[in-house]
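No value in this document is a laboratory result; all are computed from the given coordinates. Since this is a predicted model, take the numbers as computed values, not measurements. Reconstructed Cβ throughout: ideal geometry from the backbone, glycine too, with neighbour counts over all protein chains shown.
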């Protein structure tokens, strides 16, 4: 049963959404500046100042201006290192622009504008992700995913539980390191052992599964953006990604966009996205030490 | 104003994504970068290698995208070619080197190539300068 939240509740939830997005943006920026050594000290001060907004004056997060600052910072990194910037950085740039524009709307229209922007960002993201995979020969024939499976590139947290699979992957990884250290003129190839039975079929099957899930999320947000099933698909995708591959910044960003796409009545789903997004942002910051 | 607030960002994003897809398909850009919509669609740039020989009879040295120890003049010049490898871009990158060093430098950029059926991992030549193989060898 849906219960319409009061205006106070809505304002509080809007602040929670925007705070989550700010935490995500701060984590992504910290990670990028540290990874690429771009003016770390000045940027760290900037990021701390950004986060202090949440503590000092939470309502300022509902002003477009902090978002213009976030957007400018993201654009600066895009221009500075265009071929190094990861995809979540691009996504955060679009999100910041969308939030800044939405917060400039009349208060009565803000929630709906945020939802509409989030919906279309997810549609474009998942649509193009699906097309890229469909047209990529190394994805379709399972060669890229097969390579990652063979070297244990997926499922780090669960790999020790898989016994012989983990041992084969570790041995394959050693062979890969040795092969890559040798001059291509003297080392033409190396043979890796299949970590699981029916390995070629598993690799192609995994590719088909990923394609199907991304296509379903695309269709869900295109055709039924408010339906709980669309959100459940996105949450399942993010959770699976967290287990298979610890892309915490990306997961934090898409969870925050999912949160933004919820209606005010979908409070449980919103909360789930928010908690997951903040946990992933915390995991990003933890990796920085 | 309604379009600007509600659809302009997604429209810009779709244009960037379409451009990236076109460049990936026609110009050899790695699908993970410059928009990043092709994450996990192909080998990551960390699976690309630049093998650099400087001087006659010198041993080739390997550089990769996240090689912390790689801080030489040649690597700095060609680093972006690991993300967007092409013969033309590699030639242009080497033009930035001093004449003497450029004449003595040979660069080959490979990516890994895997066949799940046989389990054979090999390399695929993406770009080289100066060229020894026909350009169609890419």
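What is the calculated FRET efficiency for residue B:91 to residue A:11, with r their C-beta to C-beta distance and R₀ = 60 Å, to the nearest 0.05? With R0 = 60 Å, the Cβ-Cβ based efficiency is 0.55.
What number, in percent, do you get for the relative contact order of segment A:126-225 if the mean sequence gap of Cα pairs under 8 Å and at least 6 apart is divided by its residue count?
Relative CO of segment A:126-225 lands at 41 percent.
For chain A, just say rounded, prolate or oblate: build the C-alpha gyration tensor, square-root its eigenvalues into a ≥ b ≥ c, call rounded for a/c under 1.5, and beyond that prolate if a/b exceeds b/c, oblate if not. Cα axes put chain A in the prolate bin. Where only DSSP H runs of four or more residues are counted, chain A gives -25500 deg cm²/dmol as its mean residue ellipticity at 222 nm, each run worth -39500 (n - 2.57).
For segment A:196-289, rounded, prolate or oblate, judged on the Cα gyration tensor with a ≥ b ≥ c (square roots of eigenvalues), a/c < 1.5 rounded, else prolate if a/b > b/c? The shape class here is oblate.
For chain B, what is the mean residue ellipticity at 222 nm derived from helices alone (per DSSP H run of n ≥ 4: -39500 (n - 2.57); sum divided by total residues; nearest 500 deg cm²/dmol)?
About -9000 deg cm²/dmol.
Shielding by partners for peptide A:88-97, expressed as the average number of C-beta atoms from other protein chains within 10 Å of each residue's C-beta, is 3. Packing-based ranking of B:48-54, A:171-177 yields B:48-54, A:171-177, ordered from highest to lowest mean Cβ neighbour count within 10 Å. Using the average count of surrounding beta-carbon atoms within 10 Å as a protection proxy, the listed peptides B:34-40, B:102-108 rank, highest first, as B:34-40, B:102-108.
I want to verify a result. In a Gaussian network model of chain B, Cα cutoff 10 Å, which of these has the top mean-square fluctuation: B:77, B:14, B:127? Judging by the Gaussian network model, the answer is B:14. Peptides B:91-99, A:259-267, A:71-79 ranked from most to least packed by the mean count of surrounding Cβ atoms within 10 Å: A:259-267, A:71-79, B:91-99. For segment A:132-203, what does the alpha-carbon gyration tensor say about shape, rounded, prolate or oblate, given a ≥ b ≥ c as the root eigenvalues, a/c under 1.5 as rounded, and a/b over b/c as prolate? Oblate is the answer for segment A:132-203, as a/c is 1.5 or above yet b/c matches or exceeds a/b.
Per-residue shielding of B:27-38, expressed as the average number of other chain Cβ atoms within 10 Å of the residue Cβ, stands at 6. Using R0 = 30 Å, the C-beta based FRET efficiency linking residue B:118 and residue B:23 works out to 0.40. Based on Cα contacts under 8 Å between residues 6+ apart, segment A:204-267 shows a relative contact order of 27 percent. Per residue, the average separation of C-alpha pairs within less than 8 Å and at least 6 apart gives chain B a relative contact order of 19 percent.
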